[in-house]
């Protein structure tokens, strides 16, 4: 966040809001307007949607980033990987720095939507 107040603590270091891991579901790291990620406990909520509603990682991540966070007025995104190695990187902003390594070893780095 540009021009954030000195000493501000965002969502990222708060377990459940900006970061979460569960061997049964997924591991997640979020970025964005922290107050909204904290209110919605976004990272844990993605895991819960997978565990209790049987949503895929992609569907659970999109539910939180594309619907729930914007409904409160926030924006941001996340990167996540599930226990099978599937990954999701949804975001509702103009861009989000992200990357991964394909199975053939090729590095992929992106900023904007495809």
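The values are calculated or read from the model by the stated rules, or taken from the named source; none is laboratory data. Keep in mind the model is a prediction, meaning the values are calculated, not measured. Positions of Cβ are generated from backbone atoms using ideal geometry, with glycine treated the same way; all protein chains shown enter the neighbour counts.
Side notes on the structure shown:
- Residue 88 under 16 Å from residue 16 (Cβ atoms), within 14 Å of the chain's Cα centre (by Cα) and at pLDDT 95 or above: no
- Counting only residues that are touching a strand residue (DSSP E or B) at 6+ places or on another chain (Cβ under 9 Å) and either on the phi > 0 side of the Ramachandran plot or not in a strand (DSSP E or B) (or both), the range 87-106 holds 6 of them.
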